[in-house]
1. Can you classify the stretch 143-287 as rounded, prolate or oblate using the Cα gyration tensor, where a ≥ b ≥ c are the square roots of its eigenvalues, rounded means a/c under 1.5, and otherwise it's prolate if a/b beats b/c and oblate if not?
2. Of F456, F119, how do they rank once you tally other Cβ atoms within 10 Å and put the fewest first?
3. Using a basic spin-label model with each label point 7 Å from the Cα along Cα→Cβ, how many nm lie between Q744 and Q573?
4. By counting other Cβ atoms within 10 Å of each Cβ, how are R83, R181 ranked from fewest to most?
5. Roughly speaking, what is the stretch gain from S116 to S67, that is 0.36 nm per residue apart minus the C-alpha to C-alpha distance, in nm to one decimal?
6. Would you check the stretch 143-287 for Lys pairs whose C-alpha atoms are within less than 23 Å, ignoring same-chain pairs closer than 8 in sequence, and give me the count?
7. Going by C-beta contacts inside 10 Å, put Y611, Y113 in order with the fewest on the left.
8. Given points 7 Å out from each Cα along the Cα-Cβ axis, report the R213 to A345 separation in nanometres with one decimal.
Amino acid sequence: MLPLTAQSLKSSLLDSRTSRWLWGLGALSMAVIGLGLLVLLTQATGNRERYNENYEWLVLVNGIVASGLLITILWGAVRLVMRLRRGQFGSRLLLKLAAIFGLVGVVPGLLIYVVSYQFVSRSIESWFDVKVEAALMAGLNLGRATLDTLGEEMLKQTRSAASQLSEVSDVSAGLALDKIREQLGASDAVLWSTSGRMLASAGQSRFQIRPERPAPLQFKEARQKGSTEWVEGLDESIPGGDKGRIKVLVMVPASGTAFDEEQRLLQMTLDLPPTLVNNALEVQAANREYQERALAREGLRRMYIGTLTLSLFMAVLGAILLAFFLGNQLARPLLLLARGMQQVAAGDLTPKLALQGKDELGGLTRSFADMTQQLSDARTAVERSLRQLDAARGNLQTILDNLTAGVMVLDAQGVIFSANPGATRILRVPVAAHEGLPLLSLPTLQKFAQGVAEQFALLRSDKDTHELDHWQKSFEIHATGQGLSETAVTLLARGAVLPDGMRLLVFDDISEIVSAERAQAWGEVARRLAHEIKNPLTPIQLSAERLERKLMGKLDAQDDALLIKSVKTIVDQVDAMKRLVNEFRDYARLPSADLKPVQLNTLITDMMVLYTHDASDQVHRAQVVAELDPTCPPIAGDEQQLRQVIHNLLQNAQDACEARPSAAQGQGRVRVRTEWNAARSRVRMTVTDSGPGFEPNILQRAFEPYVTTKSKGTGLGLAVVKKIVDEHKAKIELSNVLHDGEKQGAQVSLSFALDTKTAGHHLPSA
């Protein structure tokens, strides 16, 4: 699994939250809509009017919502199956949790549905029992009979009252009507003409501007039959509303004296008791509803069972959807933890997703994320420490590689574990090629290895007694030659035991220090010899010359010749000893250099006059050729001492050329060259000859006094040159000129610093 970066983690978390919120919001919306529609559908089943108006569209909308829930469930099931086929981690757990929650919600719902189905079916059948219908019909007939009885009684009394009005005129009919109304207990009494004109009234009609008049059909029936009756307010009235009433219209008999008068009709209104009206209306409404539902019995049964089935379907789908949602909510933290553990096991410690819920699972994911972050921080710290350790190790290795001293690490058995390049340079043996081998395996260094082993053994024994932590001793290796030509590398070695039991060996080449000490010792010897020897030489020479003057001519010829020869020998040897003593004095008492700006090319040009020979010269010495760089700036030097240096180097180079067999044919050549190195701000002078070159033992100790390969000479020339060069703070190097692996001469190189007053004008530009 690819590691998550901070940006990808944030994007993934945002996408997950967004999709989860959208999915949950959609499911909640559909559930709320479905529940609301289901409630409306249930209310509609209890109200006939709402049922007739809204049942169909409520069923349709509930069906659409149920279809949406079903599609959502199918979509979730398809996704779950795809995850199972891909073998995605956690899909089986999610399926198991969804199945458990689904069974918990569906099984009780199915049980309740079966019971409710049986209950609804049997309840609807019990509603339409024969006894119930007979009771309703009996109640309805009872109401009708009661109303008929009241109507007949009212009609009989009205007829009696109408006979009393036959002799009453229209003018005085009002008082009679009021009296009759009170006698009959009626609420209203009206006297009508056959044309529909109100002649007199008593009761409520008296206060009405336009009292309600009977219909023409009722007038006609009363004229034909003599009377008529009807009931009002039972079809329109509702319990607690307008009162029901019985109205009677009776013909008033005509008087015997008025044959030409218009016939009159008496209308009496009797209010029915409210209880009777309400009961009659209720029985009438119940009978009507019973008859209607009896006709739609099967449809009503289908409606209730359909509503129940739809409710079950909605409940089951909601339970399954809730099972998916709850299963996902429970499985998601576990899957998150499992995925994070897999990543941590694979070494991926990138930031992990964590739930923000307040429950234990959310807290567990946050704790795991914190733990992973702590592990990541710890690993980062370890990696940083390792990088620092590697950097320190690299720095240490760089330091060891650039140390002039040799450093070796040995184990307890003396096997080479590691070594720096300085060890190879000092020991002159490829130590790196012998790593893993004993120190004794180094060629020509067995004595040194044995000495090192003995010192470590002594250190171990002395440590227990004296608590020493190191040893130090000097060694000589690669010793060759004898006497003054003897050469050896002098090492100062130091050993210690490391905390892990390994052995550390550090050594340095102190040959130059030893050589400097020898030079200092020779200087002291030369000073004393010059003082002790020079004083008796002059008296010896004067005494010999005086003997020659005193005895010359007093002896025979043979003795005179012997005297002259002997005195000459004494004087010559005294002169030789004086020159030797002077060289000793010069070496021992070399004055300090007086550094001033000196043009090195000018000095060399002046010195070249001494080494230019004509063709007539009997002594053929090596030719000296000068190759001078005109760009060389002045250096800081003592002109007199630099002349001595140039003279000694050219003299030695010519002597070396004469020592080569080819020099007899005049093929020897000496080249003196100057060069300006702008990058290092140094002036370099090189003297190269075509002689036999230096032997290795001489090359190492060439600057020591009295080390020479010439049959004549004291060996102080290069020693004096070295002292002068050191006084000038310059550098001198000796080397052989090689060509095809063979020595073709020797080379002496000197490097001088610039004069401080003119150095700024010759520094390289940036």
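Coordinate-derived values only; no laboratory data. Worth saying up front: this structure is predicted, and the values here are computed from it rather than measured. Positions of Cβ are backbone-derived with ideal geometry, glycine not excepted, and every protein chain shown enters the neighbour counts.
1. Taking the square roots of the gyration eigenvalues as a ≥ b ≥ c, the stretch 143-287 is prolate.
2. In increasing order of surrounding Cβ atoms, one gets F119, F456.
3. Using points 7 Å along Cα→Cβ, the separation is 4.7 nm.
4. R83, R181
5. The span from S116 to S67 would gain 15.3 nm if fully extended.
6. Values: K156/K179; K156/K220; K156/K225; K156/K243; K156/K247; K179/K247; K220/K247; K225/K247.
Total qualifying Lys-Lys pairs in the stretch 143-287 comes to 8.
7. Taking fewest neighbouring Cβ atoms as first place, the list is Y113, Y611.
8. The answer from the label model is 10.4 nm.
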